[in-house]
Amino acid sequence: MMKHQLPEEPQWVLPYMAMEVGDSFFIPTMRPAKLMYIIDTSAKKYGIKVKSYITTEEGYYGIRTWRLG
């Protein structure tokens, strides 16, 4: 039996400091749970509140994240 491995994802630069409340960004990913964890933990590190959803945009599966506070 062959194992199928997903390619490694790049390191993302998350634009929290340049965002205002209500701004959002989309990151395509095949590992949404891992990326949501990274987004949530790094936002908490900076004291920023965000909300993320798994979605498909323009044919790409990924995460859309809004800055809440």
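Since every read-out is calculated from the coordinates, none of them should be taken as a lab result. Nothing here was measured: the structure is a model prediction, and the numbers come from that model. Backbone-built Cβ (ideal geometry, glycine too); neighbour counts: all protein chains shown.
Peptides 13-24, 56-67 ordered by packing proxy, namely the average of other Cβ atoms within 10 Å per residue, highest first: 56-67, 13-24. Only helices enter this figure: runs of n ≥ 4 DSSP H residues, each worth -39500 (n - 2.57), summed and divided by the residues of the chain, yield -6500 deg cm²/dmol at 222 nm to the nearest 500. If the chain linking residue 68 and residue 40 were pulled fully straight, counting 0.36 nm for each residue of separation and taking away their Cα-Cα distance, it would gain 8.9 nm. Lysine pair count for the chain (Cα-Cα distance under 24 Å; residues 8 or more apart in sequence or on different chains): 5. Farthest towards the positive end of the charge dipole of the chain, among the residues 55, 43, 14, is the Cα of 43, using unit charges on the Cβ of Lys, Arg, Asp and Glu.
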